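Okay, structure first, notes after.
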Amino acid sequence: MDNFQKKFIEEAIDLINNLEEALLNLEKKPDDNELIAAVFRIMHSLKGGGGMFGFDDISHFTHNLETIYDEVRNNRLKLTEELLSVTFSAVDHLRNLLNTNALKDPLIKKNHDLLLQKVDNIQKNFETTNLSSEIESDINEKSETGEKTFFVQFIPHENIMDNGTNPLYLIDELCSLGKAQSYPKLNKIPLLAKFSPAKCYTFWEVILVTNKEINDLKGVFIFVEDESELQVIKLSDMDILSSKTIIEEFENKLLSDDKTDINKLQAFIKEQEAKIKTQKVSVIEKLSNFTKENVISSIRVDSEKIDQLMNLVSELVTTQASLSLYVEENQVYELNQLSENIENITRQLRDTAFSISLIPIETMLTRFHRLIRDLSFEFNKNIEFITEGAETELDKTLVQGLTDPLMHIIRNSVDHGIEPEQERLAKGKTPQGMIYLKAYYSGAHVVIKVQDDGRGINPAVIKQKAIEKDLISHDFQLTDKEILDLVFLPGFSTAEVITDVSGRGVGMDVVKKKIDEIRGTVDLESKVNVGTTITIKLPLTLSIIDGLLVELNKTKYVMPLNLVDKIYAVEHEKLTKSYNNLAIIDEEQIPFYNLREEFSVAGPAPQIEQLVTVKYEDKRVGLLVDNVIGEYQAVLKPLGKLFINHDIISGATILGDGTIALVLDTNKIIHEFSFKN
Amino acid sequence: MIDDEIIQSMNSYLSFKLGEEFFAVHVSKVLNILEMMPITAVPKSHDSIKGVINLRGSVLAVVDIRMKFDLAHSEFSKDTCILVLQVLINDEQIDVGAVVDSVHAVLEIDESQILPPPSVGVKYKSEFVTGIIKMDEKFIMILDIDKLFSLDNFITKLEDIHTEHKLI
């Protein structure tokens, strides 16, 4: 059962997200019947699923909402703003209710009761005005609830009336259970001479359409069962009485004064049923063909299985590297072709496996739409949220790590960035503010830009704040860009008034930390009264990178290949004589760091060293290594908890010969060394 | 009823040598004993972290616990081993490799044979040593490796290194 509940929770989260999305659209287009129907459908599924898997709170809670939306759907109730905002709160509450123990929390319980009351009120308001139509809809609803057709053959004993039983009453009672058609059979009645008025010669056959069970029907005859012949059988799961053609044919063909042959009757009904179904099937088939396409195009897979797949692929890549190494070292020509083939397939497998774990960033956008909607209300600001490139795909772990920082950035934009309407008008801006989120691919990276057309950030204010907080000293000469970067320092929060939304003492430093964790970079640009743009750059995937394998005194390191610019052979002596760690290469001065020195590597440096120039911000920076070995597909493995703050190394990778190479984070290395010097 | 084997393992300690001293850890903490293999040094890491090794496809940090006991560095010999220990750091079970000069034996020790660590004249910080066994005129110190590896000894040191670099 636990497993089913998990499945339901997964499904329910999807449903709730869909519901939220539909509601947001509905807010823009309140008359869209399809959206209303969608909202109703989702609620219906939630209610059904909830009830089935033991989430009674959800099922109960959704039931009332569903009823309301049913009315909206049937145009008997107008979709008001009040109703929408109650529904939005309900959506949030439903997320809480997925935790079966949620109602034990007094806060949630309080909210639960409050919401139920609100929903109740809406319903009551409606009921008093529309009592008559309510009843009508009730009846309609009943006819939809799984009715079956039964056939009852009741042949009372001749002496049934001796003890005061009136068989007609029994038939009446039976007929009252549902829709019924009764056929009294008179052929047993004898000639008048033999006729006794105290005896019952008639028997009955009844076709009954009801939602009751077979035992309920038999119960009617419980006191006469022993002395009568009673046959109750279920004819069909459909309502046969409502089909006139069946009844007519049935009456013509099978009805005589004699006892009806039950076998024949059943065969007949089956035949008729089949006919009806084929008529329906053609319609259903069209529908299911339509949905089939949707179903097969994507399947739901446990994310653990994907992780497992990724691990296996990673291991395969490592193993394949060993094989290549073996072939190369032992010059086994027969294996050469084979090894190359495997390398090829592994590469393809790797790419396919990676694409599986990618999900579009669209999945988190609904949340932002909702956030902006809610915050706009709260701050009384008029904001439009525009997104572009929602189909851009990212590794699922990245999406998870990205949601919080983006949420924070958007909150900042709404709270500090976008001005209130009056202020905007005074500045000659449009009354409606705009937040623009754009995602796109750029090389091996995904770039996400969040742009607003608000106040912007004033470098002078930032500088002042930084001095006040002792982050920099008075006489520091900084460019505007460098000043803006100060907001990423820990303990920097510019909000003058601490609001509920942003400025809880944590700010952009947390954003930066979170983005760093997923090996991304954040960049901030801002112009006063024009707006702020925050650019997040992320690697496409976390676990395998194309790297450049280099060597320092027999220890091997990997640099991310996408950052490597060029490799130069340089004489050791020339470089060490150079002043201020600047190398002149291609008639250009390039700052460089000697990794031997920085990493305190023992032993003498070789005569000819390799200078690898890497991209750092918009510059080129050289890193000096002993030797460059070549290109290498590195499967990133975490270094482990003991190195938790060791961020100049982004991980380790296992080489073909089983030894470990460390993967360098060149950005962090240069950043750190440049500060140190 | 508890299996004899379990009772035995409850009182089993693995003893090893660091320099001329004998130490022991409870066997439940030892996952594996590896022959010495090349260790990849991690630049800029804590002094007592020797580096990382490949343990069946995953990366294992290897630590030199000598430093904890102010023991001089010694050359690796054919007896040098890496003990793979399961350590509780910050409420998390973490596998860590520890370099030892040689592995001695698995000792079945009755609770009553374990003496409390002396409070005066201790050579080593007694916070790591939970008890002492006297055996064949030798003293074997029983280590609490969770404490030995506790956070303030490794990870905060790393933070220090970083804050040093990051100061403007």
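Descriptive notes on the structure:
- Qualifying residue in segment A:578-594 (condition: part of a strand (DSSP E or B) and in contact with an Asp or Glu (Cβ under 6 Å, 6 or more places away or on another chain)): no
- Count of residues meeting criterion [more than 8 Å from chain A (Cβ to nearest Cβ) and buried (at least 19 other Cβ atoms within 10 Å of the Cβ)] in segment B:87-97: 2
- Selection from segment A:320-331 of residues that are surrounded by fewer than 15 Cβ atoms within 10 Å (Cβ to Cβ) and either in a helix (DSSP H, G or I) or within 14 Å of another protein chain (Cβ to nearest Cβ) (or both): A:322, A:326, A:328, A:329, A:330
- Of the listed requirements (1) more than 14 Å from chain B (Cβ to nearest Cβ); (2) on the phi > 0 side of the Ramachandran plot; (3) among the small types (Gly, Ala, Ser), residue A:622 misses just one: (2).
- Those residues of segment A:197-232 which are exposed (fewer than 13 other Cβ atoms within 10 Å of the Cβ) and assigned to a strand (DSSP E or B), in sequence order: A:229
- Looking only at residues of segment A:579-629 that are within 45 Å of the chain's Cα centre (by Cα) and acidic (Asp, Glu), we find that the one that is surrounded by the most Cβ atoms within 10 Å (Cβ to Cβ) is A:617.
- Qualifying residue in segment A:600-615 (condition: within 12 Å of chain B (Cβ to nearest Cβ) and in contact with a strand residue (DSSP E or B) (Cβ under 9 Å, 6 or more places away or on another chain)): yes
- Residues of segment A:403-460 satisfying the condition of being closer than 22 Å to residue A:368 by Cα, assigned to a helix (DSSP H, G or I) and not hydrophobic (A, V, I, L, M, F, W, C): A:403, A:404, A:405, A:408, A:411, A:412, A:413, A:415, A:416, A:417, A:421
- The residues of segment A:323-354 include none that are within 27 Å of residue A:439 (Cβ to Cβ), out of contact with any helix residue (DSSP H, G or I) (no Cβ under 9 Å at 6 or more places or on another chain) and in contact (Cβ under 8 Å) with a residue 12 or more places away in the chain.
- The listed residue being hydroxyl-bearing (Ser, Thr, Tyr), surrounded by 20 or more Cβ atoms within 10 Å (Cβ to Cβ) and touching a residue at least 40 places away in the same chain (Cβ under 8 Å), out of A:87, A:62: A:87
- Restricting attention to segment A:547-577, the residues that are over 14 Å from residue A:620 (Cβ atoms), surrounded by fewer than 14 Cβ atoms within 10 Å (Cβ to Cβ) and away from chain B (no Cβ under 14 Å) total 6.
- Number of the condition not met by residue A:373 [criteria: (1) within 30 Å of residue A:630 (Cβ to Cβ); (2) charged (D, E, K, R); (3) at pLDDT 85 or above]: (1)
- Hey, residue A:334 of a type outside the set (Lys, Arg), assigned to a helix (DSSP H, G or I) and modelled with pLDDT of 85 or more or not: no
- Flag if residue A:407 is among the aliphatic types (A, V, I, L, M) and touching a strand residue (DSSP E or B) at 6+ places or on another chain (Cβ under 8 Å): no
- Restricting A:521, A:555, A:535 to residues that are of a type in the set (Val, Ile, Thr), touching a residue at least 60 places away in the same chain (Cβ under 8 Å) and under 17 Å from residue A:628 (Cβ atoms) narrows the list to A:555.
- Total residues in segment A:641-653 satisfying the condition of being at pLDDT below 80 and more than 7 Å from chain B (Cβ to nearest Cβ): the figure is 1.
- Meets criteria (aliphatic (A, V, I, L, M), modelled with pLDDT of 90 or more and farther than 24 Å from residue A:311 by Cβ) for residue B:49: no
- Residue in segment A:11-29 that is of a type outside the set (Ser, Thr, Tyr), assigned to a loop (DSSP other than H, G, I, E, B) and in contact (Cβ under 8 Å) with a residue 12 or more places away in the chain present: no
- Figure legend. Inter-residue proximity from segment A:38-56: first residues on the phi > 0 side of the Ramachandran plot, second residues surrounded by fewer than 20 Cβ atoms within 10 Å (Cβ to Cβ), beta-carbon distance below 7 Å, spacing 6+ or different chains. Indicated pairs: A:54/A:5.
- Listed by position, the strands (runs of 3 or more DSSP E) inside segment B:1-120 whose residues that are within 30 Å of residue A:648 (Cβ to Cβ) number at least 2 are B:30-35, B:49-55, B:58-63, B:81-89, B:92-100.
- Tally of residues being within 25 Å of residue A:599 (Cα to Cα), away from chain A (no Cβ under 11 Å) and out of contact with any helix residue (DSSP H, G or I) (no Cβ under 9 Å at 6 or more places or on another chain) across segment B:51-70: 4
Yes/no per residue for (1) within 10 Å of another protein chain (Cβ to nearest Cβ); (2) buried (at least 16 other Cβ atoms within 10 Å of the Cβ); (3) of a type in the set (A, V, I, L, M); (4) touching a residue at least 24 places away in the same chain (Cβ under 8 Å):
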{"residue": "B:21", "(1), (2), (3), (4)": "no, yes, no, yes"}
{"residue": "B:41", "(1), (2), (3), (4)": "yes, yes, yes, no"}
{"residue": "B:49", "(1), (2), (3), (4)": "yes, yes, yes, yes"}
{"residue": "B:73", "(1), (2), (3), (4)": "no, no, no, no"}
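Results for (1) away from chain A (no Cβ under 14 Å); (2) crowded, with 18+ Cβ neighbours inside 10 Å; (3) touching a residue at least 60 places away in the same chain (Cβ under 8 Å); (4) not acidic (Asp, Glu), shown as yes or no for each residue.
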| position | (1), (2), (3), (4) |
| --- | --- |
| B:78 | yes, no, no, yes |
| B:85 | no, yes, yes, yes |
| B:100 | yes, yes, yes, yes |
| B:111 | yes, no, yes, no |
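- Check on residue A:656, closer than 23 Å to residue B:54 by Cβ, small (Gly, Ala, Ser) and more than 14 Å from every other protein chain (Cβ to nearest Cβ): no
The values are calculated or read from the model by the stated rules, or taken from the named source; none is laboratory data. In this text, all values refer to a predicted model and were calculated from it rather than measured experimentally. Methodologically, a virtual Cβ is constructed for each residue, glycine included, from the backbone with ideal geometry; neighbour enumeration extends over all protein chains shown.
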